[in-house]
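Here is the structure we will look at, set down as structure tokens.
The values are calculated or read from the model by the stated rules, or taken from the named source; none is laboratory data. Since we're looking at a predicted model, the values are computed, not measured. Ideal geometry is used to build each Cβ from the backbone, glycine not excepted, and the neighbour counts take in all protein chains shown. The area values use the complete protein model at the heavy-atom level, side chains included, leaving out ligands, DNA and RNA. Shrake-Rupley method; radii C 1.70, N 1.55, O 1.52, S 1.80 Å.
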Amino acid sequence: MSFNLEALGVWTEPKHFTVERERVAAYAAATNDPIAEHRSGELAPPVFAVVPAFESSAEAVLAVAPPELLMMLVHGEQDFFYHRPITPGLELVTRSAPLGVRQTSAGVVLAVKSETRTPDGALVNEQWMSTFFRGAQDEPGGGEQAPGHALAQEVRATEPVGEAKQHVDADQTVRYAEPSGDHNPIHLDPDFARAVGLPGIINHGLCTMAFASHAVLGIAETDPRALERLAVRFAKPVLPGQDISTRAWAAGAGAVAFETTSDAGVVVVKDGLARFRRP
């Protein structure tokens, strides 16, 4: 069950994507996004950036990971760097590459980088996805790792600048699957989810990240177009029907650190970072 380290650094063929207003609006609705421009489809929510990259990033994972481990895959971290907003009618071209493999005590982390550009080569966003293969062992690893975004303890010890409470609907995963393109059965089939060691259907990590993103945008009272970076680490799964709460702290230089907790008192998103362009 060795990982194919020879595929590290090899980029996928470009994947083309046309941004449709209806798809943007559907994604916003599927993540309970309260921001009017997102709901109308005029401006893509921050986490929508994963949709044009979904196919190529999956291809990059498949180039390295042993097929027999794919059902033990969970999303570990996601990190977006934004260069311009995504708006309806925009033509996008995305390529992805697996860049690094790292052994941990509980499994193997695979880091994948994606670049989304306009057809003339202008960079729209870059994103790092870290996938975690539970239980994988004896992997020597190698290559490049995703950039860090850990929440400093001295920042977390300060007074929060705000907190937002949200509810994850019972049908959230079903609603999210179609506009996101992610039909992984761990989010849709309770028997399958339990068979791979989960408590049942779990919310898509990126859906939870989308919830946290509009919570942070509301706390910061900032135009979404000013968002420059958005990063999280997925700590524990969120279950449909749960309430979650996102707490944010000022982290200096136009940055907000945050983490999200479930109604069970469990941190589900940690090491959250939102950085904004300053006027």
Considering only residues of region 100-123 that are among the hydrophobic types (A, V, I, L, M, F, W, C) and crowded, with 20+ Cβ neighbours inside 10 Å, which is farthest from Glu13 (Cα to Cα)? Val108
Go through (1) in contact (Cβ under 8 Å) with a residue 12 or more places away in the chain; (2) loosely packed, with under 13 Cβ neighbours inside 10 Å; (3) closer than 20 Å to Ala212 by Cα for Pro160 and report which single condition fails. (2)
Close pairs (6 angstrom Cβ cut-off, 6 or more residues apart or separate chains): within 16 Å of Thr31 (Cβ to Cβ) in region 179-198, open to solvent by less than 20 Å² (accessible area, probe 1.4 Å) and assigned to a loop (DSSP other than H, G, I, E, B) anywhere: Asp182/His204; His187/His204
Conditions: (1) among the aromatic types (Phe, Trp, Tyr); (2) closer than 25 Å to Phe132 by Cβ; (3) at pLDDT 95 or above. Trp249 meets all but one. Number of the miss? (2)
Inspect region 156-171 for any residue being within 17 Å of the chain's Cα centre (by Cα) and not aromatic (Phe, Trp, Tyr) and give the result as yes or no. yes
Mind counting the residues in region 1-46 that are surrounded by 14 or more Cβ atoms within 10 Å (Cβ to Cβ), in a helix (DSSP H, G or I) and not small (Gly, Ala, Ser)? 9
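Residues to consider are Thr208, Thr118; find the one that is within 23 Å of Glu59 (Cβ to Cβ) and of a type in the set (Ser, Thr, Tyr). Outline the logic, then answer.
Details: Thr208 fails: within 23 Å of Glu59 (Cβ to Cβ).
So the residue among Thr208, Thr118 that is within 23 Å of Glu59 (Cβ to Cβ) and of a type in the set (Ser, Thr, Tyr) is Thr118.
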With a cut-off of at least 1 residues that are open to solvent by 40 Å² or more (accessible area, probe 1.4 Å) and either in contact with a helix residue (DSSP H, G or I) (Cβ under 9 Å, 6 or more places away or on another chain) or of a type in the set (D, E, K, R) (or both), name the strands (runs of 3 or more DSSP E) lying wholly within region 197-279. 227-234, 243-252, 267-276
Counted residues, region 82-92 - those being open to solvent by less than 30 Å² (accessible area, probe 1.4 Å) and either more than 17 Å from Val47 (Cβ to Cβ) or β-branched (Val, Ile, Thr) (or both): 1
